Every structure is written in C-alpha cells, then in structure tokens.
Amino acid sequence: MLEVANLEVVYNEVILVLRGLSIEVPDGQIVALLGANGAGKTTTTRAITGLLDVHEGKITKGTVTLAGERIENLEPSQIVRSGITQVMEGRRVFAELTVDENLVTGGITNTDRVSISEAHDRVMTMFPVLADRRTATAGYLSGGEQQMLAIGRALMSNPKLLILDEPSLGLAPKLVAQIRDTIVEINQSGTSVLLIEQNANMALSIADYGYIMETGKIVMDGEAAKLLKDEDVQEFYLGLHGDGGDRKSFREVKHYKRRKRWLS
Amino acid sequence: MSGLPLVLAANALDTFVQTLFKALALGSLYALLALGFVLIYKATQTINFAQGALALAGTWFLSIIFMDWEIPGRWIGGPGWVHWFIALLLAATATAVLGLIVERLTIRPMIGEPLFSMAVITLGLEVVIRVVAFDAVNTTPRILGIPWGAETFKIGGAMVAWSYIAAIGMAGVAFLGTWRFFKTRTGVAMRATAFDQEAALAQGINVGRVFAIAWAAGAALAAISGIFASMPPWGPAGLASRDGAFFAFRALPAVILGGLDSVVGALIGGLIIGFAEVFAGQYLASYTGVIGTGYQQVVPYVVMLVGLLVRPYGIFGTAEVRRV
Ligand SMILES: Nc1ncnc2c1ncn2[C@@H]1O[C@H](COP(=O)(O)OP(=O)(O)OP(=O)(O)O)[C@@H](O)[C@H]1O
Ligand SMILES: [Mg+2]
C-alpha cells in the first residue's frame, strides 16, 4: 500500500536528515519504525504527509507511493484525502477547542454528513472517556485522554493508512497498554498502520514487520517476531527502553505521585 | 428633531445617559474595527495595515452602489432604510472580494516569509489602495445616503443620535455572527489553524482557504466600520472621506489592549477605549488648562499603555505565539 523508496530529505537546503530511506507498509499490516532520538522518524512522517514545507524541508531524492500513485508532491490536504492521516508526535490536539470540535477538524476532508457521524460514533465507542467529555476543552484533558483524542481525530478521516508518531511517549504503562490495544483494534477493522516508536517492545509486540533506523537510514528490518528475539535489537532497544506494561513499575509511579501530592 | 447632542444636557443624569450612549457607540465602532484586525491576525499572524484603505474602499463602493446605481431601489420597493442595508451588504461583499484579490496577489505568495515582510506589504497596500480610493472620493463628493442622517431622539432629557443605535446594533450583529461562525465547520477549521497551523494542515485543513476567508471577513468588517464611522456625528455629513480611513488606525489601541488574537478582546478592548475616550472628553473638559485641548485623542493610547504594563499581551491575548 505505502511504499517509500530511496528517500532523501534536506532541511534548510543544507541539513541532510534522511539518506536513502526505504520502507514499505503492506495492506492491512502494522509496521513498526524504530529508532533513537534524532534518527529521522518524524522527518519520515513529514515527508509522507506533505508537512516538510512547514519546516523548510525538501525531498531531494526518492519517491513516496500510495497504492501505485506518487504522492510526494501533493498538498497535505490532498494526502489526507488520498487516505493517509497521521497522529502527530506530542499529540498536538487543539487545546482551545472542545473534544467534539477537535473531531470536526479531523473530519474536515469528509463532506458526507452520514459518514462523518458514523466516524464520530466509532470514536465515541472506542474511547468512552471522550464520550463523557465531548464539550470539554481539549487543553484540560489528561495526557492519556489527549492521546486518545489525537487518535480519534485522525480516525475521523477514515484513513486507509494511519501513521502514529510515538503515541506512547510520556504515558503511564497502563495507558501505553491501552493505546496498544487500540492500535490493534484499528488495524483489525482494516486500517494499515505505520507505528513509529522508541518503545520497541510495545511496537514489535503488535507489529507484523519492523524497521530500525539510525541517522536517516534503515539499518535492520525483518518480521517483528524475529526482531524481538534478535540479540542486537534486544541490547540496543529493548534493554534501553524497557517493557512499558510492567505492573510493578506502574504501581510505583502511582505511589510516587500520591506521595508527592502529600508532601507538597 | 436634529442637531447633535453636545456637551450639556439639562441635568447631570441626562448628561450621563447621553455620554453613555456616545461611549457605547464609539466603543462599538472601535470593536468592529478591532474585530477586522483580529480575524486577519488570528488566521495569518499579520497585522493588516491596509484595513484603513479597505474601509475607505468600502465607503466608496456603498456610494457607487446606493447613490449612483440606485441599487437595490431601482428593482424593489419598500422602505429606504431596508434598501440602504441591502446596499451596505453589497458594499461589504464588494470589499470582501477586494480583500480576497489582495490576499491572493500579495499575501499568499508571501506565506512562509518573515511576518515582518508581510506587515510591510500590507502597509504598501494601504498606500496604493488609499491613493486610488482618495482620487475616486475627492473628484466628486461621495454621499453615503445614510437613512437617519444626523437625526436624534430623546430618552428623558438626553439626546441620542440614531447613528449611535445603528453602530451599537451593527457591532452586536457582527460579534454574534462571528461567534456563530466560529461554531461552523469552517469556523472550527479557522480556530484550529489559528491555534496550530501544522496540526491543522495534518488534518487536511486547507490553510490557504482559511487565510482567504479571514481576509474576506476582515475586509468586509473594515468596510462596514468605515461606513459607520463616516456617519454623523463621527464623519462630516455622511460623506466618504479620509476620516473614515484614518479612523481604522484609531482602533489599534483597542486591538492591542484587548489582545491581537482575541475576538472577546476586540469587543472588550473596543468598549474600554471608547468609554475612556468619551468619558474623559465629557468629564475632564474643565481641566483643559492643565491637560490641554484635544486630550481625548491621547486617552486611548494612555489606556493602552497602562493596560500593556499590567498585561503585556493584552487583556485576552495569548502570551506565547504558537507558530511553527
Ligand atoms: N526543522 C528542522 N530543521 C533542521 N533540522 C531538523 C529539523 N527538524 C529536525 N531536524 C533534525 O533532523 C534530525 C531528525 O529529526 P527527527 O525529528 O526526524 O527525529 P526523530 O527520529 O523523530 O527524533 P525523536 O525521537 O526525538 O522524535 C535531527 O537531527 C534533527 O535535529
Ligand atoms: Mg520524532
């Protein structure tokens, strides 16, 4: 479905960030893209979704193809219409807008009333927390709720491919597990997923295939299950970033928070 | 009943009521003008210095449409004031189209360039539109055909100009309309764009279209406020004139006091400045020996400066400018 071939991206005409990156997201799969800080993961999403302009970035080589159509020169809105939506790094919900209004922006490319309300219903079912707070200002939601809103907002365009840029960042382990389940659910309903993560364990546990990138290039790729077992991967990624779903650490986080509240 | 309510009414209460309406009306005008600035600033982060010129163009359009072409009177019957309001809408629409053309030709190509350059471009536009429109206005006096002219009515002993009521009503309609618009899909897209342009792009919002709508709305508001500012007692005899255009800049203290990116700020800022100017003019008049004549004109700036000392980004302004 999505094919990124030999992509080269330069910022400000001088800073070369992607150096011949190639990845593929087959129809119906979850593909994980892993890499350390600064590897170029976010730059890759910008290149796919047409947001490089905003950052003075340019594709200088390579192609991005969706279902056989070249899309690297399209406007962001055309790319959303063609079926790719991303959940941006850092959630980026519209904090001054309500939950429902955020969802309206997500469905802005959709002009069919029925389809919009169906998408809205689906988001409400998927995230009951949001259903309770439809008129709440998004800025007042918790980090986890904001991440759910960001995902819900992206789903409003009924994407064929959903790109998530570090959705687990800054979330408590229990929430990470919830987001992970959500991604699986979205995928099972037929949406392909490109999951960008530093939390390799979480990503590989649900992905079909995985890519590992370093300084703008893919340095390793393979079946997710194989990558999970690979010694190098374990040492460099799994060891460093740990298991997000660990119960003990979650309780510790909660305990710490409660104590902090008591003390302050 | 004609003649303008001047400084003194029969008693203190009447004077107060008179001053109150005068202040509300001037505040409404400032708020209308401020709303035009704010809409464009919110969407594009540019202070549109061409608002004054667009205001002048708006008055000129009204005069052509209503007086010269007798639109819509040549087609339909009914009361004259209804005709006039229809012509007002047409003039505002014409100015909105002018705003769209201006945006497409000069602002759109500049997207991504430094904001300072954009502001300077609007200043250049101001000069160009103004020179053209001045010529048009100056060769023949441009009558606006305001239905109520300089007429007044009485509340108790207080004399109130119909222009005041019209300005207050117009501001009410404009702000209510803006508030309603912000709830529509397009309005939500505009607010989202104002908040985080990149995230708006990522949703598939056509940011260029949002800019265009903001410019059209801003230009229409400039036209409407320019026309109302040309009414007696503010403008001389209801003619399109330079004063209507310069008036736009008198609203800048209101915009800055309220906060450049806040619609509520435009309303409150406009009212505060209007009240300060009118009430200072009325009740400090006996101190002209100390503070000099013409001090009212300075009052808006004093209020703005004091306000900014307390709140540097305006009363309702956003501190950090969220831009990518
Ligand atoms: N607008 C920009 N201008 C110049 N350089 C940039 C820009 N954005 C990113 N970079 C550089 O490109 C490199 C890759 O950045 P990118 O944000 O794509 O990495 P990332 O893998 O998403 O990192 P993280 O895990 O921290 O989000 C970094 O070295 C970064 O400094
Ligand atoms: Mg990143």
Rg/Rh for region A:78-227, where both radii come from Cα atoms and Rh is the Kirkwood radius:
0.97
Cβ crowding within 10 Å averaged over residues, with B:44-56, A:128-140 ranked highest first
B:44-56, A:128-140
Using a 1.4 Å probe on protein heavy atoms only, how many Å² of accessible area do A and B hide from each other, summed over both chains and rounded to 100?
2100
As a quick test, which of the pairs A:41/A:229; A:58/A:226; A:41/A:61; A:58/A:229 have an alpha carbon distance above 29 angstrom in this structure?
A:58/A:226; A:58/A:229
Place the peptides A:170-181, B:88-99 in order of packing, highest mean first, counting for every residue the other Cβ atoms within 10 Å and averaging per peptide.
B:88-99, A:170-181
No solvent, one uniform scatterer per C-alpha: report log10 I(q)/I(0) for the protein assembly as shown via the Debye equation at q = 0.05, 0.06, 0.12 1/Å, two decimals.
-0.30, -0.41, -1.12
Per q in 0.11, 0.22 Å⁻¹, report the Debye log10 I(q)/I(0) for region B:97-231, using one uniform scatterer on each alpha carbon and no solvent.
-0.59, -1.34
Calculated P(r) of chain B - Cα pairs past 32 Å, %:
28
Using a Cα-Cα cut-off of under 15 Å, which aspartates and glutamates could be cross-linked to residue A:160, ignoring same-chain neighbours fewer than 8 residues away?
A:3, A:24, A:27, A:69, A:185
Candidates A:217, A:160, A:226: whichever shows maximal mean-square fluctuation once chain A is modelled as a Gaussian network with Cα springs under 10 Å:
A:226
Cα extents of region A:38-124 along the principal axes, largest first, in whole Å, come to 41, 30, 18
Read phi for every residue in region B:89-97 and hand back ³J(HN,Hα) as whole Hz from Karplus 6.51 cos²θ - 1.76 cosθ + 1.60, θ = phi - 60°, with x for Gly and Pro.
4, 5, 5, 5, 5, 4, 5, 4, 4
Can you tell me the Rg and Dmax of chain A, counting just the alpha carbons, in angstroms?
18.5, 59
Counting sequence-distant residues (5 or more places) and residues on other chains, those with an amide H built under 5 Å from that of residue B:142 are B:240
Given the C-alpha atoms of region A:91-168, compute the convex hull and give its volume per residue in Å³.
85
Mind checking which of A:48, A:23, A:108 has the largest fluctuation in a GNM of chain A, springs on alpha carbons under 10 Å?
A:108
Other protein chain Cβ atoms within 10 Å, averaged over every residue that makes up B:193-200:
6
Counting other Cβ atoms within 10 Å, which GluC sites (Glu not before Pro) in region A:166-229 have at most 10 and lie in a DSSP loop?
none
Give me a single rounded figure for B:202-215: the average over its residues of other chain Cβ atoms within 10 Å of their Cβ.
6
Can you work out ³J(HN,Hα) from phi for every residue in region A:56-66, in order, using Karplus 6.51 cos²θ - 1.76 cosθ + 1.60 and θ = phi - 60°, giving whole Hz and x for Gly and Pro?
6, x, 9, 7, 9, 7, x, 9, 10, 10, 10
Column: log10 I(q)/I(0), Debye, Cα scatterers of region A:20-167, q = 0.11, 0.14, 0.18, 0.19 Å⁻¹:
-0.44, -0.71, -1.12, -1.22
Leaving ligands, DNA and RNA out of it, report the carbon-plus-sulfur percent of the accessible area of the protein assembly as shown at a 1.4 Å probe.
60
Say we join alpha carbon atoms closer than 10 Å with springs in a Gaussian network model of chain B; which of B:300, B:72, B:114 then has the biggest fluctuation?
B:114
Cross-link reach from residue A:217 to aspartates and glutamates, straight Cα distance under 13 Å and at least 8 residues apart if same chain, gives A:8
Which of rounded, prolate, oblate describes region B:15-86, given a ≥ b ≥ c as roots of the alpha-carbon gyration tensor eigenvalues and a/c under 1.5 marking rounded, otherwise prolate only if a/b is larger than b/c?
oblate
For region B:73-124, state what percent of all Cα-Cα pairs lands in each successive 10 Å bin, counting from 0 Å until the bin that includes the largest distance.
22, 32, 19, 16, 11, 0
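The values are calculated or read from the model by the stated rules, or taken from the named source; none is laboratory data. The structure displayed is predicted, hence computed values, not measured ones. FYI the Cβ positions are ideal-geometry reconstructions off the backbone, even for glycines, and counts take in every protein chain you see. Heads up: the accessible areas ignore ligands, DNA and RNA and are worked out on the full protein's heavy atoms, side chains in. Shrake-Rupley method; radii C 1.70, N 1.55, O 1.52, S 1.80 Å.
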